[in-house]
Amino acid sequence: MVTLKPLLYFASVSTLIVSTSFFSCKTQNVATPEQFYYKLVTVNDQQSGGFYANNTNLLPKIEISFSAPLNTTSAPAAISLVERQSSAKIPLNYTFFKADSAVRLVPQQPLKSITQYSILVGPELQSRKTTLLNTNINFGLTTALDTADKFPRISDDELLTLVQKQTFRYFWEFGHPVSGLARERNTSGDVCTSGGTGFGIMAMVVAVERGFITRQQAVERLAKMTDFLKNKTKTHHGVFPHWLNGTTGATVPFSTYDNGGDLVETAYLIQGLMTARQYFDKKTTEETALRQTINDICNAVEWDWHTKNGEKVLYWHWSPNYEWRMNHQIHGWNECLITYFLAAGSPTHSINKDVYTNGWAENGKMKNGKQFYGVTLPLGFDLGGPLFFSHYSFLGLNPKGLKDQYADYWQQNLAHTQINYKYCLANPKNYSGYSADCWGLTASDTNTGYAAHSPTEDLGVISPTAAISAMPYTPQESMRALRFFYYKLGDKIWKDYGFVDGFNLTNLWWANSFLAIDQGPIICMIENHRTGLLWKLFMSCPEVQTSKTKLGFE
């Protein structure tokens, strides 16, 4: 057995040599097939990592090199530039060089700014020898921001008025035709929002003061709205649901177990109604009746019911079917301070201070005191949370000089806003567009739904309401962002009802939505920055003065 192995090996190798020699003789005159493949794509003489070029100019020079000379007549049909969203094919000029083994593509007209395009090369592209390309090519590019102004320049004061007026159209022109209430969003149909309606009522006060509508128009609309709220809307111990049908007044479930009273959304509604009551103070029959209806609505809210049989905390939800099953206690720090403030000051169903102390403040657990980006945050989550925390309760509640044993609330809201701003400047996730011109993280729509954007939940989405509604706290930074949103991005995000809900400059997504709870604070907080009107009105309410004293606020 051992002596046979070398002989067998030799025989095998000999056979292989003979076979190989014979095959070589048979094929030495056969031509090698042409290899036709893509070699390189450059945009403006720059080779991009991966198959993408970002921030290109509006007339980019695109060059594609191949392994062999092209059949130039096949190129226009096989090589194209397409706008991704619309699939529109862009007319190109084709120039061939390097002995026709490369092609230069230049759009015949400037491309759209901040828009995504695809450079497509199909396998039908032929070489000069009619060999087909061995693969598809799909190379993406995104054009840069066109820094030209999209609208004529006006003064900052005129721009603020324009933004308030345009945004107000959401509540005035798009208000529900039967009830006049604010619809949840521009695609909501009959679904109205109680909290967003409160914001819209405050916006109506601003609209009268600014001359967008007449006082009489506002009184008539408010009479319709308050009559609907008092006499047609289904409430739950005087508490309004988050959503309701604007035609019938029936509760629209926000979720399975949230089909009853929503105390926080009710607080936003009452904040708006009380502000309107203070503004429409004439002794006319219409305004007197309006004030009485508002008082009836406000006094019917059973704030104390939401302590769940006397617990030292307020509960957010109660359902006639599921009672307290949501089991959501309202603890600070977040957007809900106004809820405790109104509950404490109610002349009919008030809570005691210990509900505020043990429930909202948790005996001081809501304190923070740490520094973020060099700013000390008195209360709440690390890095502050979404900016609506410093907006919703403070459309009426004036944080200037408002203090208790836990915080100075002006300093709280200022620190919260500054941290949000500085986070966007630092841009730790390296999203496109974040800058001193383009900042602001708060809850809004995204390309995949809805999210509470913040430094700890940063998805690359800038929400215009965030920076604009922060105007009282960061007037220079907010005004700079407003100018950028309007002048530089206005062709993308400025629409019939003001600024859209959000946008993402990394994946070039632009919302087509408007939400009542985001549009309202824009109007109201701009006005508080300009004149303090809503702060003055709301803080003049006797219920508010009662609450300040009871809760120990300066």
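Remarks
- Dimensions of the range 223-315 based on its C-alpha atoms, expressed as ranges along the principal axes with the largest first, amount to 43, 33, 16 Å.
- Solvent-accessible heavy-atom area per residue, rounded to whole Å², over the chain at 1.4 Å: 42
- When the range 383-427 is reduced to its Cα atoms, the Kirkwood hydrodynamic radius in Å: 11.1
- About the Cα centre, charge dipole magnitude for the chain (Lys/Arg +1, Asp/Glu -1 at Cβ), debye: 1060
- Radius 15 Å from Cβ of residue 63, net charge of other residues (Lys, Arg +1; Asp, Glu -1): +2
- Cα gyration tensor shape for the range 469-554, rounded if a/c is under 1.5, else prolate or oblate: prolate
- Local electrostatic count, residue 372, Cβ distance below 12 Å [Lys/Arg +1, Asp/Glu -1]: +1
- The Rg/Rh ratio of the range 138-225, with both radii computed over alpha carbons and Rh defined as the Kirkwood radius, is 1.16.
- Put 65, 255, 127 in order of accessible area, highest first, and with a 1.4 Å probe you get 255, 65, 127.
- A value for volume of the Cα convex hull per residue in Å³ was derived from the coordinates, and within the list (i) 132; (ii) 149; (iii) 248 it appears as (iii).
- Charging the Cβ of each Asp and Glu at -1 and of each Lys and Arg at +1, and nothing else, the dipole of the range 98-252 about its Cα centre rounds to 280 debye.
- Within straight-line reach of residue 370, meaning a Cα separation under 17 Å, sit the following aspartates and glutamates at least 8 residues removed in sequence or on another chain: 382, 408.
- Heavy atoms of residue 296: accessible area, 1.4 Å probe, square angstrom to 10: 50
- Taking the accessible area of the chain, probe 1.4 Å, and keeping the other protein chains in place, the carbon and sulfur fraction comes to 51%.
- Positive-end extreme of charge dipole, the chain - chosen from 211, 358, 454 (charges on Cβ): 454
- Dipole axis of the range 117-228 (+1 Lys, Arg; -1 Asp, Glu on Cβ), positive-most option in 136, 199, 226: 136
- 11 Å beta-carbon shell around residue 201, net charge (K/R +1, D/E -1): +2
- Exposure ranking of 286, 34 by accessible area [1.4 Å probe, largest first]: 286, 34
- Tensor-based shape of the range 203-249 (alpha-carbon gyration tensor, a/c under 1.5 rounded, otherwise prolate or oblate): prolate
- Cα centroid separation, the range 92-156 to the range 497-516 (Å): 27
- For the range 178-274, averaging the sequence separation of C-alpha pairs within contact (under 8 Å, six or more residues apart) and dividing by the residue count gives a relative contact order of 35 percent.
- Extension gain (nm, one decimal) between residue 145 and residue 132, 0.36 nm per residue minus Cα-Cα: 0.9 nm
- Shape index of the range 29-169: Rg/Rh, with Rg the Cα radius of gyration and Rh the Kirkwood radius from the inverse mean 1/r over Cα pairs, equals 1.19.
- Residue-normalised convex hull volume from the C-alpha trace of the range 251-371: 134 Å³ per residue.
- Heavy atoms of residue 153 accessible to a 1.4 Å probe, total area in Å² rounded to 10: 140
- Debye-sum result for the range 363-472 in log10 I(q)/I(0), which assumes one identical scatterer on each alpha carbon, at q = 0.14, 0.16, 0.20, 0.21 Å⁻¹: -0.53, -0.69, -1.04, -1.13
- Only protein heavy atoms count here; on that basis, with a 1.4 Å probe, residue 346 has an accessible area of about 10 Å².
- By accessible area with a 1.4 Å probe, ligands and nucleic acids excluded, highest first: order of 39, 365, 550: 365, 39, 550
- You can think of it this way: the chain between residue 483 and residue 173 has 109.1 nm of extra reach, that is 0.36 nm per residue less the Cα-Cα gap.
- Rounded Å value of the spacing that divides the Cα centres of the range 167-187 and the range 377-451: 27
- The chain: relative contact order in percent, alpha carbon pairs under 8 Å with at least 6 residues between: 13
The values are calculated or read from the model by the stated rules, or taken from the named source; none is laboratory data. A quick note: this is a predicted structure, and the numbers were derived from the prediction, not measured. Positions of Cβ are backbone-derived with ideal geometry, glycine not excepted, and every protein chain shown enters the neighbour counts. Heads up: the accessible areas ignore ligands, DNA and RNA and are worked out on the full protein's heavy atoms, side chains in. Shrake-Rupley method; radii C 1.70, N 1.55, O 1.52, S 1.80 Å.
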